[in-house]
Structures are given as structure tokens and as C-alpha cells.
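J.: Below you'll find the structure I mean.
Each value in this text was obtained by applying a stated rule to the coordinates, not by laboratory testing. This one's a predicted model, so the numbers in the text were calculated from it and none came from an experiment. As a convention, Cβ positions derive from the backbone with ideal geometry for all residues, glycine included, and neighbour counts pool all protein chains shown.
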Amino acid sequence: MLLGLLTVKPQLGLLFPVMLIASGRWRVFAAAAITAVLMIILTAAVFGPQVWIDYALKGIPTQNLVLFNPHMLGAPFMPTIFVNLRTAGAGYGIAMAVQICFLLLAVAAVFWAYRCRRHADPQLLAGLFLACTIGGLPYLLSYDTLAMTFVVVVLLAAGKLEPAGQRLAQLVYWLPVAQLVFGIWHIPGPALIAPAFALYLLARLRALPSH
């Protein structure tokens, strides 16, 4: 299921190498790396190498311009820790430093879960993986939370969430709307929903016996 979601939203694969290394899936890791290289070569062969040059020289800098923008025009559509802090008046350096801290915590959480609880319910692990990814990225649009929302709905339908988890799941479901409303008025807060859900799932996994 997780692989299918990453196919739809490949940018959510930020922590994918961490998950593969932690769970010792070296053949999958090698296959993914080789596939990525082949896709780059094939794309360059079909469309020319200029597409990758333009991505490096124009695409990435454009994303950085969005993050540097002091007016944060994209705030209503970007439920990230970085953007929430910027809308609250924090400078670029401070906001990015805090975002990096969240990213490091997300990496640690995913590594621990897939190292020490790799045999746990895959839906709980997928939920943690996606919630950590959402919480760790500085550049993310509301529609990128769709994969996490899908897993949340699956967990709710399967009755695998306790009351506290159900409340957090509802917040995850309404995250894009909350960010839209709060972002328009430059009020921070919605970006904490994904990390809170990740913390809940981490606690659930920690309570399980190790194998």
C-alpha cells in the first residue's frame, strides 16, 4: 500500500531510504536506486538533458523563492512547520532551523519504528511514515497530505485507532481546510497536526512487544 501511495506522490519518498535501511531491505534499496538512475537516463534520452538542467537551475530555485517570500502568499496552501513559523513572524533562519529539528526527529522515529517494530501492523507503520514525512518537509502543498489522509481513513475504517487517535485522525482529515483558514489570517497551528498524529502512532508502536 505504501509503495502505491509513493508512486502517486513521489515527493513523499523523502524518508523512504531511511525506512529501507532500518528494515534491512537492501535489495529493495538497490532496486529503487537503480530504477531512479534509469528513469533519469530514460527521461534525458527522450526529452533531452535540458529538462534536468532546468529542474536544477530553475525548478529548485523557484521553490526556494516561495520559501524566502516574506509575504508568504502560499501560506494558506502549505501546512508545514516552516511556513507556520514564518506566518507567525519568525525569520527564515529560525523557521528553517526548527523545521530541520522536526525532520531529524522524523528520521529518528521512522528509523526506530522500522528497525524495532518492523513486524507491527503495516497500516500503523505506513501512517507513521507519512505523518513523519509531512512533518519533516518545509515545502509541501495541501494536496500532498492526500496519502496520509487515505491511510487515516483506512485505520478508522478498520477500527485500529483509540479515541485519542480518532480525534487526531479527524484533524488530519480536515488539515487542508484548517491550513486554508488559518493561513489566510497568518495564524500558525495546523502544521502540528501531522507531528501529533505521528507521536500518537509512535506511542502505539512503542507499547507493542518487540520481535
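J.: Kindly state, to the nearest 0.05, the FRET efficiency for Leu57 paired with Trp26, given R0 = 45 Å and r defined as their beta-carbon distance.
T.: Between Leu57 and Trp26 the formula returns 0.85.
J.: Now for a separate question. Given contacts defined as C-alpha pairs under 8 Å and at least six residues apart, what's the relative contact order of the chain, whole-number percent?
T.: Relative contact order, the chain: 27 percent.
J.: Based on other C-beta atoms within 10 Å, arrange Tyr92, Tyr200 from fewest to most.
T.: Tyr92, Tyr200
J.: Sticking with this structure for a sec: Spin-label point model (7 Å from Cα, Cβ direction): what's the Val98 to Leu171 distance in nm?
T.: 1.5
J.: Also, I was wondering about something else. Using a Gaussian network model of the chain with C-alpha springs under 10 Å, which one of Ile81, Ile193, Ile34 is most mobile by mean-square fluctuation?
T.: Of the options given, Ile34 has the highest mean-square fluctuation.
J.: Pick out which of Arg117, Arg27, Arg86 has the largest mean-square fluctuation in a Gaussian network model of the chain, springs linking Cα atoms closer than 10 Å.
T.: Arg27
J.: Something else now. What helices in the chain pass both tests, a Cα length along the helix axis of 27 Å or more and a mean Kyte hydropathy of -1.0 or higher, using whole DSSP H runs?
T.: Counting only whole DSSP H runs, the qualifying helices are 26-47, 92-116.
J.: Hey, another quick one. So how far, in whole Å, is the C-alpha centre of segment 128-204 from the one of segment 50-126?
T.: That distance is 14 Å.
J.: Go from 0 up to the bin containing the longest alpha carbon distance in segment 9-206, width 5 Å each, and give me the % of pairs per bin.
T.: Result returned by the calculation: 1, 8, 14, 17, 18, 16, 13, 9, 4, 1, 0.
J.: Determine how many Å³ per residue the convex hull of the Cα atoms of segment 148-204 encloses.
T.: Cα-based convex hull of segment 148-204, divided per residue, equals 68 Å³.
J.: Please quote Rg/Rh for segment 24-104 to two decimal places, taking the Kirkwood radius as Rh and restricting both calculations to Cα atoms.
T.: Here Rg/Rh amounts to 1.13.
J.: Computed over the Cα atoms of segment 119-165, what is the ratio Rg over Rh, Rh following Kirkwood?
T.: 1.00
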